[in-house]
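Report on the structure given below.
Rule-based calculations on the coordinates, nothing more; no lab input. The shown structure was predicted, so the numbers you read here are calculated from the model rather than taken from an experiment. A quick note on method: Cβ atoms are made from the backbone with ideal geometry, for glycine too, and the neighbour counts reach across all protein chains shown.
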Amino acid sequence: MNPIYINKNEILKRYKPIDKYTHKGVQGHALMIGGSYGKIGAVCLSSKAALKTGCGLVTAFIPKCGYEILQIAVPEVMVLTDEKAKFFSKITFDIVPQAIGIGPGIGQEIATQKALHKFLQTNTVPLVMDADALNILSNNKEWLALLAPKTILTPHPKELERLIGKWTSEEDKFQKAIAFSKQYNLIVVMKGAPTHIVEGDSIYENTTGNAALATAGSGDVLTGIITSLLAQSYKPLDAAILGVYLHGLTADIALPVTGYHSFIASDSIKYLGRAFLSLENIQSKIELI
């Protein structure tokens with residue numbers, strides 16, 4: 001395996017500073033679909049992360065039980081609700097997002113699985129799939145054929161195993177991930193230490209991040225970051241690469257303040273601004289040379 005390392009040089013090839021004349025209507029509209037009773041926090045994290053990554057507009061589609069929670073927790077996010085109180089039964093909306101992130105906290109109710117299936121049959125919007133959306137897919141692998149080319153999947157190791165099968169070695173894991181990516185024309189973000197991205201025969205290895213990211217909700221934040229970048233017209237691979245780099249960088253920047261033990265997922269969101277500023281500072285120095 002000869003990975004391409006996701007370092008500053010790779011990021012600066014892809015990073016696009018925000019135009020000083022932009023406005024929220026052209027900064028992308030992301031739709032985050034997630035949450036169920038007891039797990040509304042997941043979609044709160046992903047939605048806020050999408051906003052803090054630069055999206056002009058973010059809408060969350062959630063079960064009714066999360067309406068007040070999300071409106072209070074993240075007042076900048078617009079909210080649509082399912083007709084059911086505690087879980088999804090339908091995924092329908094009357095907005096036109098540029099990207100959709102689905103999965104954080106959705107659970108695996110039978111009605112939710114049926115709703116996901118119907119959604120995948122008709123969806124044409126660039127998509128990021130995480131958490132229970134991946135677990136539902138792993139139990140219904142024939143649905144993988146419904147995914148649009150370059151859909152981004154963000155499994156942690158156990159979710160990856162459910163999707164591609166058990167592996168006997170690291171080499172076997174990557175071979176299976178490559179075969180899976182090529183068969184369905186998908187981008188696989190293999191979360192871990194370090195995180196790898198697989199697109200066909202190409203493997204990218206992230207160089208940011210540390211053990212502080214091993215905390216509940218960290219993946220939900222990453223889903224929001226990548227979905228936001230997709231909505232801002234980044235190509236899917238570039239969104240995945242920039243997303244994992246920024247996500248890891250927030251933990252590197254925060255570590256001297258929080259340490260490993262006290263870092264939580266919302267700290268990633270808190271330090272996103274500093275992560276972006278570090279990219280802009282590097283770019284400015286290069287332009288001055």
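For this structure, a couple of remarks:
- Amide H within-cut-off set for residue 6, under 5 Å, with H built and near neighbours excluded: 205, 206, 207
- Distant-in-sequence amide H partners of residue 99 (H built 1.01 Å from N, under 5 Å): 29, 31
- For the stretch 4-288, with +1 on Lys and Arg beta carbons and -1 on Asp and Glu, the positive-most of 239, 67, 33 along the dipole: 67
- Under-5 Å amide H pairs with residue 80, H placed in peptide plane, nonlocal only: 60, 61, 62
- Fraction of antiparallel bridges per DSSP, the stretch 4-288 only, in percent to nearest 5: 25
- Rounded to the nearest 20 debye, the dipole magnitude of the stretch 4-288 is 260 debye, with +1 charges on Lys and Arg beta carbons, -1 on Asp and Glu beta carbons, and the Cα centre as origin.
- In summary, the aspartates and glutamates within cross-link reach of residue 20, defined as a Cα separation below 19 angstrom excluding same-chain residues under 8 places away, comprise 280, 287.
- For the stretch 16-28, 3J(HN,Hα) per residue [Karplus equation, 6.51 cos²θ - 1.76 cosθ + 1.60, θ = phi - 60°, Hz, x = Gly/Pro]: 10, x, 6, 5, 5, 9, 6, 8, 4, x, 10, 8, x
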